[in-house]
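Working notes, structure below.
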Amino acid sequence: MPFPLFFKLTLYLLALDAFGALYLTGILDWPGLAGVLLAIVVSWWADAIRVRTPNYRRLWDAIAAVFVVYILLDLLWLAESFIAVVIHLLLFLQVYKLFNARSHRDLLDLFLLTFLQLIAAATLTVSLGFLLVLSVYMILGTWGLILLHLKRETELALPERSRELLAGSDLVAPGFLFSTVGVAVASLLLTLVIFFVIPRIGRTFLPLQARIGTMTTGFTDRVELGAYGTIQNDPTIVMRVTFSEAVANPERIPGLRWRGIAFDTFDGRAWSLRDPVRRPVRRGRDGDFVVARPRWGAPFLAYEVFLEPMGTEVLFGLPRVVSVQGRLAALEEDAGGGLLLRAPPSSRLRYAAVSQPEGFREADLGRPVRAADYPPAIRQAYLQLPEVSPRVRALARELAAGAATPSEVARRVESYLSGTLRYTLEVRRASEADPLEDFLFVRKAGNCEYFAASMAVLLRAVGIPARVVNGFQRGEWNEVGRFFAVRQRDAHAWVEVFFPEVGWVTFDPSPRAAFEVQAFGRSSWAGKYFDALRMRWNRYVIDYNLGDQVVLATRLRRRSLAVREGLGRRWALWSFEASRTLRRLWHQYGTAIGALMALLAAGAVLLRKAPGGELGGAWLTRVRARQGPVAFYARMLRLLARRGRPRPPTATAREFASTLADRPELFAPVAELTALYERVRFGGEALTAAEARRATALLQQLATAPR
Amino acid sequence: MIFRASSRSRSSAPPPRSASAQEPPRTDYWLPRTIRPTREGWWFIGASFAVGLAATNTGNNLLYLLLAMMLACMAVSGVLSEQNMRHLCLERQRPRRLFAGAPASFAVRLTNRKRRLPSFALHLSEEDPSGGPPAGHYVLKVPPAGREGWQYSLTFPHRGRQYLPGLRILTRFPFGLFAKVSRPIRPDPVLVYPALRRLSPGQVPAALDPGWHERDRPGQGASLRNLRPYRPGDDPRLLHWKTSAKAGDLMVKELAEEDRPRLRLLVEDPAPGTPAALVETNLSSVASLAAHAIRRGWQVELATAEGATGFGQGEGHLDRILERLALYEVPDSPRPLGVAAKAGRTLRLRLDADHPAPAAERQPCRSRCSSS
């Protein structure tokens, strides 16, 4: 490919790459994207357009003037943020320069503009695609900058010969390009090293995190029955959870659920929280939010949550959360035990939490309970019921009949609902009855909210305090990245039942697991790999901070100490074994080893590298000298003699070469070899390594030439 | 990068008998390199600071990533430019003689001794001692084990022992952000002779004409004296074939002996206060006379208050005379010329004379000298 074309192609690919970075930010709408893309593509033919368009310069002056007016309007009214205005300006400048690039300065400006676009994108996106864009940018940028540099230097130093020089210097050869890619890859690796090493400071003065658009969510802060239709099967990941290394097999932990908020009040259609008062969660000595007192003897589970913005201020955790740590301005707890921020986060939130899963003995649940055993506040809040259909109350009594303890009632209700009713995402109304009655007796199918609401109502109807909890199921275990990927479709509702001796205990009446495997299937391996990559990108790049650096440094130090210790131990072992083996060998084969070593030493002396020599030692050099520096020419003569073209004794080398003019396939290599021969024979110069290789190739060519 | 200097004069002329002749022969040595940012490089460094500041203040890790990319770019640029300059060998051939005020042609050969990697965008340059624009040459690419030649001229304005300004190699490869420049660690000494002028017939003193004197006896001159029969031991190249054919016997040419006349140039120190330019002009005249005489076959001796070169002929002897003139230093007060009278002609030249036309002192020739 000609140098100018390749350079132009590199420049355009770089412009498109930077444009791709802006695309990732999502700040450009489709017409804008299409317009800019079209302009970039059309600018490829800018030179031809310039030639054919009269007053091309004035035209662009006019366009620039119009754009100035637009950018003012954009700044004042149109754009949603200042950074959007900057991006619009950058894109216009890029298009302008692509249409009007003439000097080296213009080309340099184009490189600068692409880089500024990358910076602008960095402030607006956290997408994994940025890594791809950056990697491509490093390759293309390395190419482009080197080519621009060579082009500029050559054109400035030798303006009249630059075109010819650039075309003839095989710059665009594969070797050059591969080397450049190697340089780019080395740069990328170095970039990663520097990235992890650059010291972070704990607190920022102007927190600027990429804004992620608020998503519609499967999770809601209300549970409302009676809304009908098909619930979307949204696979968007809303949360990723990793467990600490102390937890050996997180995927085997039974009954994992990510609790959000709980509801205590039911009005016949919707569940809500009666008391809106929120209690601020205090910070402990080490800055952690202390949510609850740890229970004596119960195990702890430490995990880290990467929560995507969902338009809700609810934080999720395994029941029961003991403490939360993260860059959170404040944390509050509502009356239902839900943890909430003051406002929904607009960017990805990362927090670490410690929970103590419900630990109780069946014996504690199996004790008979009187109504007076429940605290008054619990009775008041969690036994509330609206006007409930007599059929529902009758069902509750029927299920509770003969049960000795509340836990037995709860188990019966749970098994009745999960065994008798069907789980479905298609919620249709089958009768004019209220939603709960319709679900329990007519339709007999519903989603988790119906199941949870039914169980809570049935339990309350027989005097057992219960509440509905909203949150997420455990999600899909990603073996590659070792984390749970929780999706929108994992949004779930279940029931918590109060026991005086134990507290709140989770019951889940939804027969959802079997349904999900059938309905959603499992993610592919490729999908899991990609998601693991995205998780690592978020974990180690986007959310990398001072704490991670400290952990990394500590871990590196620990590893290096371990490696040093391990090596020392192995060395001691190895040296002991080696010395023992050597002693044994020496006793057995001492004479032979001595002779072998003497031989090796002699060989090393003979074959040592001669100063200035290419290979071998003085001995080899002498052997070669005996063969003569023009051995290649002698071989050429032998080859030609075998083909019936011996060199006459009276002909000089050049005359002999000219006699082969009738055989071009012989003449070309012979002429070149003759030139080499003359230089070596009469010029007193030795062949360089490259020339020797060339001579060998020419001889090979002669040997294989047709007779 | 390796710098190697060579001179054509090494093989063809005897080494100068000066202090520098005592120096050890030049060997290869590594050139130290300096690095400085270009204008674009300063902008790049400034931009890196700006991005770093933004990253620190916002805690945005993608900005940290871009900052890391910029720092990596600088590091890679340094490594590549170093690689670009490594294993380059410069060999410079000096002209045999350097004359003050006359452009001297130098030849440089740049060899890339790397086995696999080429070197790109190299600027070779050397300052002109006369203060003119530096000589420069641009090389886009030197392939592995490849060579690049360059010829250029420098003008030394003054005679005497001087130093070549030093060849430099500059590269801004790969990104044009930093300029890496090599500088010679040891200056290259040269001896610049006084300016040599071609003398017009009017400027040649009458004492220098004619130059050759023949003697009527066989010798190794250029003129034919006789033809005689061949005797064993005669140079076969002197066989005269036509006469041999006519005579039926081998005949050889017998040449006349030629005697080279002797000329002594007595150079007197200038009087105190003589303008330096005048002294230089007169030294140039002496040098031109010596060259003129020697090239016409005269045996010439240069005598100054510092000593005499002795009579001699040929280019080697001319070098000795020119070297003596090149290193001549004007004393505070004139010194006496302690030179004994010898056979031959003597031209006494005063370095403070406005017109350096020499006064000939005619002294009896030792042999048959047509003008004495």
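What follows is calculated from the coordinates using simple rules that are stated; it is not laboratory data. Remember, predicted model here, so these are calculated numbers, not experimental data. Every residue, glycine among them, receives a Cβ derived from its backbone with ideal geometry; neighbour counts consider all protein chains shown.
Amide H contacts for A:Gly260 (H built 1.01 Å from N in the peptide plane; partners 5 or more residues away or on another chain; cut-off under 5 Å): A:Asn470, A:Gly471, A:Phe472. Here the ratio of the Cα radius of gyration of the protein assembly as shown to 2.2 N^0.38 Å is 1.54.
Label zone (A:Asp548, point 7 Å along Cα-to-C-beta; backbone nitrogen cut-off 19 Å) within region B:58-78: B:58-72. The ranking of A:Val541, B:Val286 from fewest to most other beta carbons within 10 Å of each one's beta carbon is A:Val541, B:Val286.
Taking the Cα centre of chain A as reference, the dipole from Cβ charges on Lys and Arg (+1) and Asp and Glu (-1) amounts to some 3340 debye.
Inter-chain Cβ neighbour count for A:145-157, averaged per residue, equals 5 (cutoff 10 Å, partner chain atoms only).
Annotation: the antiparallel percentage among DSSP beta bridges lying fully within region A:403-502 is about 85. Between A:Leu192 and A:Arg293, the modelled labels are 4.9 nm apart [label points 7 Å from Cα along Cα→Cβ].
A:Asp106 versus A:Gln700, label points 7 Å from Cα toward the beta carbon: distance in nm? Placing both labels 7 Å beyond Cα along the Cβ direction yields 4.7 nm. Using R₀ = 60 Å, calculate the FRET efficiency as 1/(1 + (r/R₀)^6) where r is the Cβ-Cβ separation of A:Leu567 and A:Arg638; round to 0.05. The formula returns an efficiency of 0.55 here.
Adding -39500 (n - 2.57) for every DSSP H run of four residues or longer, then dividing by how many residues chain A holds, sets the calculated 222 nm ellipticity at -16500 deg cm²/dmol. In straight-distance terms, cross-link reach from A:Lys8 covers every one of the lysines whose alpha-carbon lies under 17 Å from its own, apart from those fewer than eight places away in the same chain; here that gives A:Lys97, A:Lys151.
Once fully extended, how much extra length lies between A:Ala690 and A:Ala39, figured as 0.36 nm per residue of separation less the alpha-carbon to alpha-carbon distance? If you can, show how the numbers build up before the last one.
Values: separation 651, 0.36 × 651 = 234.36 nm, distance 4.87 nm.
Value of the extension gain: 229.5 nm.
Taking the centroid of alpha carbons for each part, region A:520-594 and region B:219-293 are 86 Å apart. Of interest is the spacing of the C-alpha centroids, which for region A:423-492 and region A:120-164 amounts to 56 Å.
Given the Cα atoms of region A:3-51, and with Rh set as the inverse mean 1/r over their pairs in the Kirkwood sense, what is Rg to Rh to two decimals? Write down the numbers at each step before the final one.
Numbers: Rg = 12.4 Å, Rh = 11.8 Å.
In region A:3-51, Rg relative to Rh is 1.05.
Fully extending the segment from A:Leu72 to A:Glu155 would add 25.9 nm, taking 0.36 nm per residue of separation and subtracting the current Cα-Cα distance.
Within a 10 angstrom radius of the beta carbon, how do A:Leu14, A:Leu567, B:Leu67 rank from fewest other beta carbons to most? Don't skip to the end; give the middle numbers.
On the way: A:Leu14 23, A:Leu567 11, B:Leu67 26.
Going from least to most buried by this count: A:Leu567, A:Leu14, B:Leu67.
Taking amide H as placed 1.01 Å from N in the peptide plane, A:Asn478 has its amide H under 5 Å from the amide H of A:Phe483, A:Phe484, A:Ala485, each at least 5 places away in sequence or on another chain. Highest mean first, the peptides A:348-355, A:458-465, B:43-50 sorted by other C-beta atoms within 10 Å per residue fall in the order A:458-465, A:348-355, B:43-50. Among B:Ser288, A:Ser103, A:Ser510, B:Ser119, sorting on how many other beta-carbon atoms sit within 10 Å of each Cβ, with the fewest leading, yields A:Ser103, B:Ser288, A:Ser510, B:Ser119.
Peptide A:179-190 has a mean of 3 when you count, residue by residue, the C-beta atoms of other protein chains within 10 Å of its C-beta.
Using the Cβ-Cβ distance between B:Leu199 and B:Arg39 with R0 set to 56 Å, the FRET efficiency works out to roughly 0.60. Full extension of the segment from B:Ala75 to B:Leu227, taken as 0.36 nm per residue of separation minus the current Cα-Cα distance, would add 46.4 nm.
Taking the Cα centre of each part, how many Å lie between region A:668-692 and region B:48-86? Answer, in whole Å: 48. Remark: mean inter-chain Cβ contacts per residue of B:167-180 equal 3, using a 10 Å Cβ-Cβ cutoff to other protein chain atoms. Considering all C-alpha pairs of region A:120-168, those separated by over 14 Å amount to 63%.
Positive-end ranking of A:Gly336, A:Ser347, A:Ser560 along the dipole of the protein assembly as shown, with charges on Cβ about the Cα centre, is headed by A:Ser560. Under a point spin-label approximation (7 Å from Cα along Cα-to-Cβ), what is the A:Phe6-A:Glu501 distance to one decimal in nm? Label at A:Phe6, label at A:Glu501, 8.2 nm between them.
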